[in-house]
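Undergrad: So that we are looking at the same thing, I have put the structure below in structure tokens.
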Amino acid sequence: MDAINAAQAQMGVPATLSGTFQGTAQAFGDSLRTQPYLILAALISVYIVLGLLYESYIHPLTILSTLPSAGVGALLILMAGGYDLSVIALIGIILLIGIVKKNGIMMVDFALHAERDKGMSSRDAIYEACILRFRPIMMTTMCALLSGLPLMLGHGSGSELRRPLGYAMVGGLILSQMLTLFTTPVIYLYLDRAHHWYVGRKAARSQQAIPDTPAGAIAGMKVLIVEDERKTADYLYQGLTEQGCAVDLAFDGIDGQHLALHYDFDVIVLDVMLPGLDGFSILKSLRSVKNTPVIMLTARDGVADRCARPAGRRGRLPGQAFFLSRTPGAPSGAHKAWPQP
């Protein structure tokens with residue numbers, strides 16, 4: 001189509017004479033104009049699904065980082081074979097979005113489970129994921145690559161229509177397989193560090209901004225609240241800040257564990273049920289390195305989840321009665337805290 005338009009421009013036809021494509025050529029031109037929107041919609045859909053699956057804004061980016069290498073590989077082999085980016089080739093690139101991202105899914109999924117269930121560091125978790133998931137990644141990639149070779153090398157009637165699909169699949173899989181085994185762990189670590197840096201920066205600002213409140217038994221104490229229910233967390237935050245405490249909030253277990261292990265708090269308030277990592281796992285990892293007083297929260301009336309004995313002079317938290325005494329304004333279904341006797 002570009003060649004026809006260029007030839008028309010070189011002919012020097014008068015301005016009153018115009019030409020347009022009709023039929024199949026017109027449909028082809030319309031499909032070319034919507035290609036970027038189609039690819040963008042596919043990427044957004046994949047990001048939303050992965051975000052819901054891993055409950056994170058960061059890890060879907062790690063998985064999607066495997067896609068550029070597949071697109072570059074598909075374009076390079078199409079150029080080497082003398083094929084244009086036709087609709088059939090575009091179908092192959094969209095197909096690669098579903099095939100190639102499984103490399104990142106296998107590694108990231110295993111690494112997240114190792115971090116949450118085994119308490120491993122990000123570096124050790126992604127290293128073990130690369131070792132244990134290498135064989136499944138190679139098997140699935142070779143299966144898809146070999147299935148594209150007949151389309152790429154086939155002859156006969158109609159083979160020229162299917163051949164760009166095979167070229168796009170084979171080229172994208174080869175280049176992505178060569179690169180993603182090395183780039184995905186690096187991107188995973190850098191994005192994980194960026195996430196923890198952001199969380200730590202918020203925690204540092206919160207610790208420095210101690211409100212000017214009347215002095216009391218717990219004034220000036222640093223408290224970490226790990227609670228996924230926003231209403232309950234806001235209620236506890238408001239009450240403790242009124243008492244003069246410096247309060248940090250975490251709404252999932254992963255962020256809560258990071259803050260508890262890397263920053264010093266006088267008291268940590270943990271919910272039992274948390275997304276990502278439950279309160280008991282956080283308490284177990286915390287007790288291996290620190291003896292920070294911990295108060296466990298539960299929504300089950302009459303059940304005392306007394307999991308940690310506060311230690312030290314300030315560990316008794318003289319203002320613990322705050323959690324029980326401020327019930328008149330408590331939200332419906334608010335958690336209750338039972339201090340250690």
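The values are calculated or read from the model by the stated rules, or taken from the named source; none is laboratory data. Predicted, not measured: the structure shown is a model, and the values here were computed from it. For neighbour counting, all protein chains shown are included, and Cβ atoms are generated from backbone atoms with ideal geometry for every residue, glycine included.
Undergrad: Which residues, counting only those in the stretch 75-98, are crowded, with 20+ Cβ neighbours inside 10 Å and under 27 Å from Ile131 (Cα atoms)? Break it down into steps so the answer makes sense when it comes.
TA: Here is the first cut: in the stretch 75-98, the ones crowded, with 20+ Cβ neighbours inside 10 Å are 77-78, 89, 92-93, 96.
Within the stretch 75-98, Leu96 is the sole residue that qualifies.
Undergrad: Working only within the stretch 32-54, note down all residues that are touching a helix residue (DSSP H, G or I) at 6+ places or on another chain (Cβ under 9 Å) and closer than 14 Å to Gly71 by Cβ.
TA: Gln35, Leu38, Ile39, Ala42, Leu43, Val46
Undergrad: Also, quick follow-up: Listed residues Asp255, Asp248; which is touching a helix residue (DSSP H, G or I) at 6+ places or on another chain (Cβ under 8 Å), surrounded by 21 or more Cβ atoms within 10 Å (Cβ to Cβ), part of a helix (DSSP H, G or I) and not small (Gly, Ala, Ser)? Break it down into steps so the answer makes sense when it comes.
TA: Details: Asp248 fails: part of a helix (DSSP H, G or I).
So the residue among Asp255, Asp248 that is touching a helix residue (DSSP H, G or I) at 6+ places or on another chain (Cβ under 8 Å), surrounded by 21 or more Cβ atoms within 10 Å (Cβ to Cβ), part of a helix (DSSP H, G or I) and not small (Gly, Ala, Ser) is Asp255.
Undergrad: Could you tell me which of the residues Met79, Met120, Met107 is under 24 Å from the mean Cα position of the chain (by Cα), at pLDDT 85 or above and either within 16 Å of Met169 (Cβ to Cβ) or not acidic (Asp, Glu) (or both)?
TA: Details: Met79 fails: under 24 Å from the mean Cα position of the chain (by Cα); Met120 fails: at pLDDT 85 or above.
Going through Met79, Met120, Met107 in turn, just one is under 24 Å from the mean Cα position of the chain (by Cα), at pLDDT 85 or above and either within 16 Å of Met169 (Cβ to Cβ) or not acidic (Asp, Glu) (or both): Met107.
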